[in-house]
């Protein structure tokens, strides 16, 4: 499982920070969270292929989170994409869809589905679950979590002890199927260990600190939280419905997250300010990193 930060700036980008976008490579697909301006250009400098993106999750409709969509979709079409792409976002996504489809003379010959969502489970497969949660910004904003589904450990010796022959029946039991051996029914729970917790990644989008975010991020392996402002600019953060470095750190601490990544950094700050931002957060939550464009994180 690999995360690539394609853009880590807030509303205004700079030479070093592009608008918001994060790519997740996992489960044989690429999943994109937000798609700020020039996201597709950022991909050129990474191992992320736009043609392998299966799903895009938009947190909200401020330009720094969506203006990369029209160009990305048009490039996919020009490159001959045939596979379906699904785009998720809060209420109003269909208006964005209509605007993209009417922009210029573009024509899409591959299937694109736009799905408006609210809080709750959005995607559920055998390998992972993606959920959304409305948090508190000055426009509707969805935070997202992706949680890996791990099968319980298969107790091989126990299965053999019960007379299950080594072979396909092991897989059937591990997949939750009952089998019959010499007239006896062997149930999966007889040969499976305790449920195992998979990796959980939570992404805040834009938000002020709120109880919804704390609960939603609970027990995250990795919490990616916006940190637009320094602590000294707290009042500015409140006025614009954003978080400070300390706010993000408190969310990580209260949600019992294992690691915090700060992103959506205001470009008003230079490198020295960024060091202060990281220091402020680490004083509250030690296991914190400050994201930069093209930062890669591997999770096991």
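The values are calculated or read from the model by the stated rules, or taken from the named source; none is laboratory data. The shown structure was predicted, so the numbers you read here are calculated from the model rather than taken from an experiment. Positions of Cβ are backbone-derived with ideal geometry, glycine not excepted, and every protein chain shown enters the neighbour counts.
Restricting attention to the stretch 98-138, the residues being more than 28 Å from residue 238 (Cα to Cα), surrounded by 13 or more Cβ atoms within 10 Å (Cβ to Cβ) and under 23 Å from the mean Cα position of the chain (by Cα) number 9. The residue that is nearest to residue 175 (Cα to Cα), counting only those in the stretch 207-217 that are touching a residue at least 12 places away in the same chain (Cβ under 8 Å) and over 15 Å from the mean Cα position of the chain (by Cα), is 215.
Is the stretch 133-148 home to any residue that is assigned to a loop (DSSP other than H, G, I, E, B), touching a helix residue (DSSP H, G or I) at 6+ places or on another chain (Cβ under 8 Å) and assigned by TED's automatic domain parsing to the domain that holds residue 29? Looking for residues that are assigned to a loop (DSSP other than H, G, I, E, B), touching a helix residue (DSSP H, G or I) at 6+ places or on another chain (Cβ under 8 Å) and assigned by TED's automatic domain parsing to the domain that holds residue 29, one finds at least one in the stretch 133-148, hence yes. Considering only the stretch 243-260, state which residues are surrounded by fewer than 24 Cβ atoms within 10 Å (Cβ to Cβ) and farther than 11 Å from residue 221 by Cα. Correct list: 246, 250, 253, 254.
A search for C-beta distances below 6 Å between a residue of the stretch 105-118 that is under 14 Å from residue 76 (Cα atoms) and any residue that is exposed (fewer than 14 other Cβ atoms within 10 Å of the Cβ), counting only pairs 6+ apart in sequence or on different chains, returns 110/82; 111/84.
Among the residues making up the stretch 270-297, those that are closer than 22 Å to residue 16 by Cα, at pLDDT 95 or above and outside any helix (DSSP H, G or I) are 288, 289, 290, 291, 292, 293, 294, 295, 296, 297. Checking residue 266 against (1) surrounded by fewer than 21 Cβ atoms within 10 Å (Cβ to Cβ); (2) farther than 27 Å from residue 26 by Cα, which single condition isn't satisfied? That leaves (1) as the condition not met. Residues considered: 94, 83, 47. Of these, the only one that is assigned to a loop (DSSP other than H, G, I, E, B), at pLDDT 95 or above and either touching a strand residue (DSSP E or B) at 6+ places or on another chain (Cβ under 7 Å) or over 23 Å from residue 225 (Cβ atoms) (or both) is 83.
Each residue in the stretch 166-188 was checked for being more than 30 Å from residue 222 (Cβ to Cβ) and surrounded by 11 or more Cβ atoms within 10 Å (Cβ to Cβ), and 11 pass. Across the stretch 207-221, the number of residues qualifying as within 24 Å of residue 61 (Cα to Cα) and either part of a loop (DSSP other than H, G, I, E, B) or in contact with a strand residue (DSSP E or B) (Cβ under 7 Å, 6 or more places away or on another chain) (or both) comes to 8. Within the stretch 180-206, the set of residues being free of Cβ contacts under 8 Å to residues at least 24 places away in the same chain and either under 38 Å from the mean Cα position of the chain (by Cα) or outside any strand (DSSP E or B) (or both) comprises 182, 183, 187, 188, 189.
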